[in-house]
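A quick write-up on the structure given underneath.
The values are calculated or read from the model by the stated rules, or taken from the named source; none is laboratory data. What you see is a predicted model, and the numbers here were worked out from it, not measured in a lab. FYI the Cβ positions are ideal-geometry reconstructions off the backbone, even for glycines, and counts take in every protein chain you see.
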Amino acid sequence: MTKPKEIKYAGIGAAPGVAIGKIYSLSSRQINVENKTLKSHEIEPEVEKFRHAVEKSKNDLKILQNKTEEMDKDTAQIFQVHISMLDDVVILEETIKSIRENKKNSDMAFLETMEQMEKTFDNIEDDYLKARAADLRDIKWRVIRHIQGKVDEDLNKLKEPVIVFSRELTPSETVKLDRSLVLGFITEVGGRNSHAAIMARSLKIPSVVGLPRDLHQFIHTGDQAILDGNKGILIMYPTLRTTRQFEKKQKDIFTFEKSLDSTKKLPARTKDGKDIDMAANIEFIEEVESIKDLGAQGVGLFRTEYLYLAKDQLPTEEEQFIEYSQIIKKLDGKPIVIRTFDLGGDKMPQSFRLPKEENPFLGVRAIRIATSFDENIFTTQLRAIVRASVFGNVRILFPMISCVSEIRYCQNMVNKVKKQLKTKGIKYAEKIPIGAMIEVPSAAVIADLIAKECDFLSIGTNDLIQYSLAVDRGNEYLAYLYKPFNPAILRLIRDIIIKGHERGVWVGMCGEMASDPMATMVLLGLGLDEFSVSAPSLLRIKTIIRSVEYSECEKLAKNALSFNTSQEVENYLEGILEKKFKYLIQA
Ligand code: PEP
Ligand code: MG
């Protein structure tokens, strides 16, 4: 057999680093469906499980359809056909009948129903209808995968270190990746700021997203590959020469990272003496030791929703209390900003079903789950956080605040929870600072009014950019519009900081822009008080802060604000920063 030729694919670098190894493809996985006989008490839960899997599949398809609509109407149409097939009463009723009457497990019942339908279509002498049989096969495996929770199982079966390929990876799948065996991951779907990509950065898993849509047809488990998360490229069947070149790059990155270690214990202080708070974003308790080792002054964003995504059941108050207490204790008095769960959008919990929506990112997400859907889940979390506050320096941050009443609601809920605990004689810290995320444009515009109601503001650029520019943060087709240096975004950030300071509150940033070395001088110059960054960026950002004067940053920020387009701002910054910090920006 001739050796395949080396091929390079361009995508979007989602998490830095180089991975060299064999592909493990989740899109070509085999699914086994066993024949089981259910006991009577298992029948109704099985029907529910089936219904849930159908809903999840429709949800997937809707997302795929929306994402494809703009660029490729024909493909989008296919997803619409799949959705209508899943609405087909016959398919649903036949399957449910078989679960109830034949006591079959739902994956087998559904498989049989679908195979029956496929046969009917296959036998028709009409190309169009024959093609519908292929559609049936497609949805068949999608639903069965959901019934079986297949992605997790596959990832749990990894035996050797691999580069995981999946057409799309959700945050709940990413959270379950076994870090010791996943060298990197690559996907066809997704942008740099999708939650799965942010998580990959936290987990330090090099990754490339937004690769060509038909890649799954060409790459298979066992194929040799190299991914470069810095440049956003995937190289299939690399030659020996290319492999050597990337092994060298891996070593260079390692040596460069090591060279930054000397700043670990030094303060994030500009040359002219301005101190900046340098905190880190975390998702998992395991990250605390490493961010402490990096010299983070605290945690500027703890994304608690992963407690809800990692499991199929809601985390109880006690479980959360234990988790938060452990993290707080590990921080030895350093501050931690605990963000209440930001579920919804692309982070759909398994443990409770959010309403089905046309636009989940504009729907019941984050704090709106409490105000419009289920307050108990929220108060349970607040009780756990407030109880754990006795162990250290806790601040609570509320996501997706879009108006003053929402932050007032949150403040009231915290007071209510404190009162309840007091009557029960349970201890908590008297002063727990409350903060609002500024990530919705309306909140940015009234940042002064919101600042009046709380103790600090934290700018969430990941969402602020998506909502202000009307560009889905995970849409690879529109990545060219998702620009932190868009003058509109720079002006919003400037105004939020000014408004926060006018009201006497500190303003931080926990969005990914704070982790971008290209943005550091601008943000400093705009007066940002706190940078909360992803762990791999911490020393780079600190190194930049330590090598500049605050006064020069103020001038640079002023200049950056004078341009008309993101490209002009980027050109200006590149011109200055490439000379000053060449390696920090490129490596
Ligand atoms: C943000 O939106 O910038 C943010 C930090 O929150 P998340 O990425 O979790 O939405
Ligand atoms: Mg956000």
Test of understanding: among Val507, Val569, which residue is within 16 Å of ligand 1 (Cβ to nearest atom) and out of contact with any Ser or Thr (no Cβ under 6 Å at 6 or more places or on another chain)? Val507
Within the range 322-358, of all residues that are buried (at least 19 other Cβ atoms within 10 Å of the Cβ) and within 14 Å of Phe391 (Cα to Cα), the one nearest to ligand 2 (Cβ to nearest atom) is Val337
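Can you tell me how many residues in the range 413-455 are closer than 22 Å to Ile385 by Cβ and within 16 Å of ligand 2 (Cβ to nearest atom)?
Number satisfying all stated conditions: 7.
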Check off (1) modelled with pLDDT of 90 or more; (2) within 16 Å of ligand 2 (Cβ to nearest atom) for Leu309 and give me the number that stays unchecked. (1)
Which of the residues belonging to the range 392-401 are buried (at least 20 other Cβ atoms within 10 Å of the Cβ) and in contact with a Lys or Arg (Cβ under 9 Å, 6 or more places away or on another chain)? Gly392, Ile396, Leu397, Phe398, Pro399, Met400
Answer residue from the range 420-443, given it is surrounded by fewer than 24 Cβ atoms within 10 Å (Cβ to Cβ) and closer than 26 Å to Gly191 by Cβ and is farthest from ligand 1 (Cβ to nearest atom) among those: Ser442
Considering each of Glu530, Glu568 in turn, give the residue that is farther than 23 Å from Gly13 by Cα, acidic (Asp, Glu) and over 21 Å from the mean Cα position of the chain (by Cα). Glu530
Go through Asp455, Asp463 for me and flag whichever is modelled with pLDDT of 95 or more, in contact with an Asp or Glu (Cβ under 7 Å, 6 or more places away or on another chain) and either outside the structural domain of Thr340 (by TED's automatic domain parsing) or within 16 Å of ligand 1 (Cβ to nearest atom) (or both). Asp463
Which numbered condition trips up Met521, out of (1) within 24 Å of Pro16 (Cβ to Cβ); (2) within 16 Å of ligand 1 (Cβ to nearest atom)? (2)
Read through the list (1) part of a loop (DSSP other than H, G, I, E, B); (2) modelled with pLDDT under 95; (3) in contact with a strand residue (DSSP E or B) (Cβ under 9 Å, 6 or more places away or on another chain), then give the number of the only condition that Pro349 fails. (3)
What's the total number of residues in the range 242-273 that are in a loop (DSSP other than H, G, I, E, B), of a type outside the set (A, V, I, L, M) and over 30 Å from the mean Cα position of the chain (by Cα)? 4
Would you call Asn412 assigned by TED's automatic domain parsing to the domain that holds Leu331 and more than 22 Å from Gln313 (Cα to Cα)? yes
